[in-house]
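Report on one structure; see the data block that follows.
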Amino acid sequence: MQKNIIKSQDKNSSILFLLILAVALRIYNINSPIIGIHSWRQSDTAAIARNFYENGFNLFYPQIDWGGNLPGYCETEFPIYSFIVALIYRIFGVAEFWGRFFSIICFLVALYFLYQFIIKILDKKVASWSCLFFVILPLNIYYSRTFQPESMLLMCSVIGIYYFTNWLDSEKWQDLILSGSFVALACLIKVLPIIYLGIPLFYLAWTKYGIRVFSQISLWIYSILILIPVAIWYYHAHQLFLEYGNTFGFWSGSTNRYNYNIVLTLNFWTEIFFRTAVRHFAIFGFPIFLLGLFIPRRTRREYVLDVWLISVVLTWILVPITSLVHEYYQLQFMLPGVVFMGKACSQYLEKAADQVNYKKAIVVCLCLTVAAGSVIYTIDYMFKERIEKSAVFQLAQQVKQNTEPDSLIIATTASDPTLLYLSHRKGWLINHNDVSEEYILSRAKLGAKYLVGSFNFVESYNLFVDDSQKQKVQNFLDKYPNILKNGMNFITKLP
């Protein structure tokens, strides 16, 4: 019995260590307000959570802060992440900590199921190495503790594929139901999993059934029950846009996600390639990944990793602008990507004792990956979460001090809602170039009380450098009483 206990402890020691390490790397600055890299994306997610908490828990009517004098109902992804955070608020009160905490929990669950999935198709050594990389790579750390649903999406993706693989082995309905539930949730959180999960799932089914896959009633039911809630939600979300005019730009609005001409340019592929290699793989992890790609596959099922990689790349082509602008759209690439890294380490560090040169190279790359990842994470991400360096955070505090809590404001932060969220105000977002007598007075008639902005920045990530636009704003401000005008920020009382 004692031997069984020791064996059980040894069996779980790797994943336990990885879970503890994952938490340790992510709790730093967990109390940070919503500032820094992609604060605009986090602000919208956090605003929806806060509005659920303040305005009633109606899951089907997510509200943003930039809806002007209207309720702010918005065409968006299924807001289950924000809704769960709002439920946590109900117990503990509103604090960004809880959104970040929930993201970390989702990552830990994703880590556990990724570990189990890799054991199922490969072995424990590969699983341990793969998940170590999954834990320590810099963007995996950052986006698994931000206030946005990326960790939840990773979690749903891995669980969906894991239980589908279980079902292929066991043919138990509970496995298929669990898989379908999490895949459907992934497709509700982001619509792209229909591609980058759908194709690998189809491949896994093909490895068992071959051409008979098309005659499997259970798979038809599985697919239909995934697609029905996805279709219903995105139809409903579009109706919200048609009625209220607010959208994140999935099918509507001025956002151009589908400029396919860019896919044919060298710049598109070089930028995504270098960003993935430098930021996601921390430069020196990329050679390890490439080495893993050339290790022979042992089973047909193992090829699902290749199919998964290709499926993610296909989504970059389908939404090229989004994939180019938002680096977290490459996070899904890292799920199969780290497995190839794990295969390389398992093969050349543990099994191939005679491959001395490979072993030395991998050890060097491992050390440099940790070093480069630490530098990237600290300088490019953590430094930008320092409150004293955040111009938008400082302005938000001034807005809180100088305006009434229920007052509507016009923020000259273009499409960035960070200022609205941090100041806990609602209103309109405009560009500095749109500041005009006609526009401002039209919004004043709708209830706008203040014009708020900065001569230092436009969006929180974009400095204000256009002198002609600055002069235009300055000329407008001279006509109205300024509550705050210090050469950097302004808060102007509207008639």
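General remarks:
- T76 meets each of the listed conditions (1) closer than 30 Å to E243 by Cα; (2) among the β-branched types (V, I, T); (3) crowded, with 24+ Cβ neighbours inside 10 Å apart from (3).
- Among residues of the range 140-158 that are without any contact (Cβ under 8 Å) to a residue 24 or more places away in the chain, none has a beta-carbon under 7 Å from a residue that is surrounded by 24 or more Cβ atoms within 10 Å (Cβ to Cβ) at least six positions away or on a different chain.
- Of the listed requirements (1) farther than 22 Å from K190 by Cα; (2) at pLDDT 95 or above; (3) not in a helix (DSSP H, G or I), L59 misses just one: (1).
- Where L70 falls short, out of the listed (1) over 28 Å from L204 (Cα atoms); (2) assigned to a helix (DSSP H, G or I); (3) in contact (Cβ under 8 Å) with a residue 12 or more places away in the chain: (2)
- Within the range 325-346, residues that are in contact (Cβ under 8 Å) with a residue 12 or more places away in the chain and assigned to a helix (DSSP H, G or I) sit with their Cβ atoms under 8 Å from residues that are of a type in the set (G, A, S) and surrounded by fewer than 22 Cβ atoms within 10 Å (Cβ to Cβ), at 6+ positions apart or across chains, in these pairs: G342/S128.
- Qualifying residue in the range 297-319 (condition: outside any helix (DSSP H, G or I), under 19 Å from K125 (Cα atoms) and of a type in the set (S, T, Y)): yes
- When R41 is tested against (1) surrounded by 21 or more Cβ atoms within 10 Å (Cβ to Cβ); (2) modelled with pLDDT of 95 or more, just one condition goes unmet, and that condition is (2).
- Condition check for N58: over 20 Å from I104 (Cβ atoms), in contact with a helix residue (DSSP H, G or I) (Cβ under 9 Å, 6 or more places away or on another chain) and surrounded by fewer than 22 Cβ atoms within 10 Å (Cβ to Cβ): yes
- Test: residue in the range 380-391 that is outside any loop (DSSP other than H, G, I, E, B), at pLDDT below 95 and closer than 30 Å to A444 by Cβ: yes
- Scope the range 440-490; condition touching a residue at least 24 places away in the same chain (Cβ under 8 Å), of a type in the set (K, R) and surrounded by 14 or more Cβ atoms within 10 Å (Cβ to Cβ); matching residues: R443, K449, K472
- For A372, the conditions (1) touching an Asp or Glu at 6+ places or on another chain (Cβ under 6 Å); (2) among the aliphatic types (A, V, I, L, M); (3) under 24 Å from G285 (Cβ atoms) are fulfilled apart from (1).
- Lone qualifier among F182, F273 - being exposed (fewer than 15 other Cβ atoms within 10 Å of the Cβ) and either among the β-branched types (V, I, T) or part of a helix (DSSP H, G or I) (or both): F273
- A residue that is over 22 Å from L422 (Cβ atoms), of a type outside the set (G, A, S) and surrounded by 24 or more Cβ atoms within 10 Å (Cβ to Cβ) occurs nowhere in the range 81-100.
- For the range 349-367, the criterion of being of a type in the set (F, W, Y), under 19 Å from P287 (Cβ atoms), at pLDDT below 90 and in a helix (DSSP H, G or I) is met by at least one residue.
- Considering (1) within 25 Å of the chain's Cα centre (by Cα); (2) assigned to a helix (DSSP H, G or I), the lone condition that Y222 does not fulfil carries the number (1).
- Filter pass, K470 being of a type in the set (K, R) and in contact with a helix residue (DSSP H, G or I) (Cβ under 6 Å, 6 or more places away or on another chain): no
- Identity of the residue in the range 225-251, touching a Gly at 6+ places or on another chain (Cβ under 9 Å) and not in a helix (DSSP H, G or I), that ends up surrounded by the fewest Cβ atoms within 10 Å (Cβ to Cβ): G245
Residue-wise test of (1) within 30 Å of K359 (Cβ to Cβ); (2) modelled with pLDDT under 95; (3) surrounded by 14 or more Cβ atoms within 10 Å (Cβ to Cβ); (4) within 26 Å of the chain's Cα centre (by Cα).
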| residue | (1), (2), (3), (4) |
| --- | --- |
| F286 | yes, no, yes, yes |
| F289 | yes, no, yes, yes |
| R301 | yes, no, yes, no |
| V304 | yes, no, yes, yes |
| L318 | no, yes, yes, yes |
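- Yes/no for C187 being in contact with a Phe, Trp or Tyr (Cβ under 7 Å, 6 or more places away or on another chain), buried (at least 24 other Cβ atoms within 10 Å of the Cβ) and assigned to a helix (DSSP H, G or I): no
- Restricting attention to the range 249-284, the residues that are under 30 Å from G72 (Cβ atoms) and either out of contact with any strand residue (DSSP E or B) (no Cβ under 7 Å at 6 or more places or on another chain) or modelled with pLDDT of 90 or more (or both) total 8.
The values are calculated or read from the model by the stated rules, or taken from the named source; none is laboratory data. Fair warning: this is a prediction, and the values are worked out from it, not measured in the lab. A quick note on method: Cβ atoms are made from the backbone with ideal geometry, for glycine too, and the neighbour counts reach across all protein chains shown.
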